[in-house]
Amino acid sequence: MTYNEAFFGLYKDLFVVLRKELGEKKALELFTKIIEKGLKEAYDALGFKKGDPQEFARVVAEQDRSVGLQANFPEATEEKIVYHSFKDPFSKLRGEVAPQKLDATYMNFKVNYLLGDNWQYKATKHLWKGDTCIEYSITKKK
């Protein structure tokens, strides 16, 4: 499937309007809730075993693919997952909001919902910084 421009364009417009009307902090809060609702429904429809790194990779890759994003997982072990996203889902929001704030609107949910609150993530590469992908290093909390 090709990148779903209309789908992500609607999210971009939604964020811009929310920020204009309510300010960035509230816009990010509401944007997060909207994204979480959609991801929860999509992930639940795919079925998964919570806490399983292989299931995380399968479900996220399948959902990403369904909206035209390409992802891979060069590592998915019991202690660490490396998640590469090669297409920025919100490229049209570049310059509108800090990348870590925008990433948090969906990554916190992905990690917590699919793996559990004993996992954390960190963006180690980002397309907005000139890297070839967005790379998330997801690790178990110590």
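Throughout, read-outs are computed from the coordinates displayed, never taken from laboratory work. Predicted, not measured: the structure shown is a model, and the values here were computed from it. Every residue, glycine among them, receives a Cβ derived from its backbone with ideal geometry; neighbour counts consider all protein chains shown.
Nearest 10 degrees, 0 to 90: what angle lies between the long axis of helix 5-22 and the longest principal axis of the chain (Cα atoms)? That works out to roughly 60 degrees.
Note on the range 21-60: Cα Rg divided by 2.2 N^0.38 Å, N the number of residues, gives 1.53.
Please state the charge dipole magnitude for the range 5-140, taken about the Cα centre, from unit charges on C-beta atoms (+1 on K and R, -1 on D and E), reported in debye and rounded to the nearest 20.
Working: 22 positive and 21 negative charges, 69 e Å.
Roughly 340 debye for the range 5-140.
Peptides 129-140, 16-27 ranked from most to least packed, by the mean per-residue count of other Cβ atoms within 10 Å: 129-140, 16-27.
Once the Cα atoms are used to define both axes, helix 99-114 deviates from the longest principal axis of the chain by about 40 degrees. Once you reduce the range 48-92 and the range 1-28 to the center of their Cα atoms, the two points are 22 Å from each other.
Output the 0 to 90 degree angle, nearest 10, between the alpha-carbon long axis of helix 53-66 and the longest principal axis computed from the alpha carbons of the chain. Rounded to the nearest ten degrees, it is 40.
Each label was represented as a point 7 Å from its Cα along the Cα-to-Cβ direction; for Leu22 and Glu79 these points are 4.1 nm apart.
Legend: residue pairs Lys26/Lys92; Lys80/Lys141; Lys50/Lys110; Lys25/Lys101; Lys80/Lys122; Lys33/Lys87, Cα-Cα distance threshold 18 Å; pairs beyond threshold, Lys26/Lys92; Lys33/Lys87.
Entry note, the chain: the mean residue ellipticity at 222 nm calculated from DSSP H runs of n ≥ 4, each adding -39500 (n - 2.57), is -17000 deg cm²/dmol after division by the residues and rounding to the nearest 500. When Cα extents along the principal axes in Å is computed from the coordinates, the matching label among (i) 34, 33, 32; (ii) 42, 34, 30; (iii) 37, 31, 26 is (ii).
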